[in-house]
Amino acid sequence: MALAFVFSIFSALFCHLNDFVIAYGDAESHLNIAKRVISCLTPGLAQLGGIWLPLPHLLMVPLVAFDPLWRSGWAGTIVSGGAFIISSLIIYQLAMLILDNKRVALLAAVVFIANPNVLYLQATPMTELPLIAFLLLNTYFFLKFIKGEKEVFSLILAGFFGLCATLSRYDGWFLVALEAGLLVLSLVKRGQSPKAIEGKLILFATPAFYGIFLWLLWNFLIFQNPFYFTNSIFSAKSQQMAWLARNELPAYHNLGLAFAYYLTTAVANIGLIFSLAAGAGILLYLWRKEEKYRLIVAAILLSPFPFYLISLYLGQSVIFIPSLTPETFEWRLFNVRYGVMMVPASSIFFAYLFKKTKRLFLPLVGLFFLSQIFLYLSGQAEVISLSDGLKGLSSAKKPDAQNWLAQHYDRGLVLLDDYARTLSVIQTHIPMQNVIYVGTTPYWEDSFKEPEKYAIWIIMQKDDTVWRRLYDQPEMRDRLYKFFNKVYTSKEILIFKRIGS
């Protein structure tokens with residue numbers, strides 16, 4: 001769709017010119033994971049790690065081979081922007097399949113394309129847009145099969161794109177499990193024989209669940225723990241338990257607050273006016289009995305909501321948003337981009353609200369758009385996902401040490417705790433193959449026995465792994481000062497350079 005392409009290009013240029021592309025700390029991390037697969041001290045697929053799912057990073061690998069695309073973030077922009085354009089096309093096709101009205105289907109696509117939170121994230125290396133593309137492709141072919149039982153090839157394609165979704169973000173795991181259940185219920189309701197049901201379930205589930213199997217196997221082979229992604233020290237659950245210890249995990253085992261947090265976050269990403277209209281569209285769609293598959297359609301399109309509701313309740317995720325988060329919390333803006341997953345569904349149900357309008361179609365749609373634009377321009381609404389990247393807990397750190405190192409780094413291996421994001425490797429011009437971090441075995445462990453063995457530079461931030469294992473240990477600190485000069489000191493960051501280098 002030409003409109004999607006134009007919006008994608010202008011949004012990407014705007015974000016790059018304003019240095020928004022790697023505002024999120026995670027944005028650089030995604031770029032670095034892809035880069036390490038082909039360029040680090042120990043390159044290879046093992047650099048994909050075991051926490052973030054691998055497909056978005058694999059899509060960036062051919063692009064980050066070119067240093068300018070890696071350092072600028074354009075490698076991520078190209079992947080997310082391509083996913084945005086595909087998503088826009090599929091939303092139109094999906095709306096046509098569900099609503100059978102070209103004008104309404106076009107409106108659904110336009111609402112998605114014009115969403116400022118989507119436009120921002122599609123310019124970044126974040127993984128939300130690739131997931132949205134795969135979820136929409138999966139949903140389109142799944143519903144195509146449900147609506148036309150003979151569309152067996154569509155069921156296979158639904159399974160394939162389900163595979164892609166399960167290898168992109170964990171939201172995809174919930175969706176394919178839901179679809180497997182809905183598929184069985186739908187076939188039972190049609191009076192299919194147990195053998196026919198089994199055959200079609202295998203046809204869908206074999207590819208759809210294969211990604212989950214591969215990820216469990218990967219975690220077992222690399223980390224000797226199939227559930228490493230959920231219970232290691234780097235997992236989201238471990239991070240949330242730290243919040244819980246500080247009594248700052250408000251939705252944990254509180255269903256009401258979990259519902260309130262995700263609903264508020266979804267509304268902030270969709271826009272208040274569009275959210276109210278989409279809510280009305282959902283109720284109208286479910287009420288009209290002529291919509292034969294309305295319950296299945298609604299369940300699949302709205303599946304991100306129960307997924308995040310469960311995640312928040314179980315403490316697997318946390319969201320901070322100023323309108324709900326207590327002022328006593330250290331941070332009040334975090335992970336609000338999760339709400340963008342509800343934009344595709346809201347776009348379709350918003351458009352459905354106008355299906356029966358004829359002469360009033362353009363005036364009513366125009367009124368809704370103008371009202372939402374007014375909220376943004378008047379400052380009563382903000383592009384919440386961008387704000388999170390710029391000033392929330394997710395924002396990338398920009399310490400003075402980063403600028404100092406960009407000017408003074410000349411050569412040699414650099415030891416740092418990349419997980420703690422002490423500083424940006426991309427913005428310091430250090431080649432990725434010169435970085436010693438937790439994923440570079442044996443360089444990492446050896447450096448805590450003999451810090452001078454490999455590193456020319458040692459960078460540490462108060463309480464990060466390097467600080468704790470070198471600076472906090474008296475015998476290692478003595479060894480550190482024997483072989484290195486302290487060349488930079490700030491409130492929390494120390495930089496050492498090997499003597500004589």
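The values are calculated or read from the model by the stated rules, or taken from the named source; none is laboratory data. These numbers were taken from a predicted model, which means no experiment stands behind them. In this analysis, Cβ positions are derived from the backbone assuming ideal geometry, glycine residues included, and neighbour counts consider all displayed protein chains.
Brief remarks on what is shown
- If only residues of the range 446-501 that are acidic (Asp, Glu) and assigned to a loop (DSSP other than H, G, I, E, B) are counted, the one that is nearest to LEU405 (Cα to Cα) is GLU492.
- Test: residue in the range 205-212 that is touching a Cys at 6+ places or on another chain (Cβ under 9 Å), under 27 Å from SER29 (Cα atoms) and at pLDDT 95 or above: yes
- Residue match in the range 131-153 (condition: touching a His at 6+ places or on another chain (Cβ under 8 Å) and more than 18 Å from ALA298 (Cα to Cα)): no
- Residue in the range 265-276 that is free of Cβ contacts under 8 Å to residues at least 40 places away in the same chain and out of contact with any Cys (no Cβ under 6 Å at 6 or more places or on another chain) present: yes
- PHE320 fulfils the conditions (1) out of contact with any Ser or Thr (no Cβ under 8 Å at 6 or more places or on another chain); (2) modelled with pLDDT under 95; (3) not acidic (Asp, Glu) except for a single criterion, (2).
- The listed residues are LEU131, LEU94, LEU135, LEU106, and the only one of them that is surrounded by fewer than 21 Cβ atoms within 10 Å (Cβ to Cβ) and not small (Gly, Ala, Ser) turns out to be LEU106.
- Residue within the range 125-144 that is in contact with a strand residue (DSSP E or B) (Cβ under 9 Å, 6 or more places away or on another chain) and either in contact (Cβ under 8 Å) with a residue 60 or more places away in the chain or not in a helix (DSSP H, G or I) (or both) present: yes
- Just one of the listed residues (ASP472, ASP418) is within 28 Å of the chain's Cα centre (by Cα) and under 20 Å from GLU492 (Cα atoms), and it is ASP418.
- Options ILE499, ILE458; residue that is among the aliphatic types (A, V, I, L, M) and over 39 Å from the mean Cα position of the chain (by Cα): ILE499
- Members of the range 239-273 found to be closer than 24 Å to GLY379 by Cβ and over 23 Å from the mean Cα position of the chain (by Cα), listed by number: ILE273
- Residue within the range 30-47 that is over 20 Å from the mean Cα position of the chain (by Cα), buried (at least 24 other Cβ atoms within 10 Å of the Cβ), among the small types (Gly, Ala, Ser) and more than 27 Å from LEU390 (Cβ to Cβ) present: no
- From the options GLU151, GLU128, residue that is among the charged types (D, E, K, R) and at pLDDT below 95: GLU151
- All of THR230, THR166 fail the test of being of a type in the set (S, T, N, Q) and buried (at least 19 other Cβ atoms within 10 Å of the Cβ), apart from THR166.
- Test for GLY159: is it within 30 Å of ILE33 (Cβ to Cβ), over 21 Å from the mean Cα position of the chain (by Cα), in contact (Cβ under 8 Å) with a residue 24 or more places away in the chain and part of a helix (DSSP H, G or I): yes
- Checked against (1) closer than 22 Å to ASP171 by Cβ; (2) in a helix (DSSP H, G or I); (3) of a type outside the set (A, V, I, L, M, F, W, C), ARG71 meets all criteria but (1).
- Enumeration of residues in the range 116-150 that are charged (D, E, K, R) and closer than 22 Å to ALA196 by Cα: LYS144, LYS147, GLU149, LYS150
- The one condition from (1) more than 27 Å from MET126 (Cα to Cα); (2) in a loop (DSSP other than H, G, I, E, B) that PRO363 does not meet is (2).
- Lone unmet requirement of (1) surrounded by 21 or more Cβ atoms within 10 Å (Cβ to Cβ); (2) hydrophobic (A, V, I, L, M, F, W, C); (3) modelled with pLDDT of 90 or more; (4) in contact with a strand residue (DSSP E or B) (Cβ under 8 Å, 6 or more places away or on another chain) for LEU423: (3)
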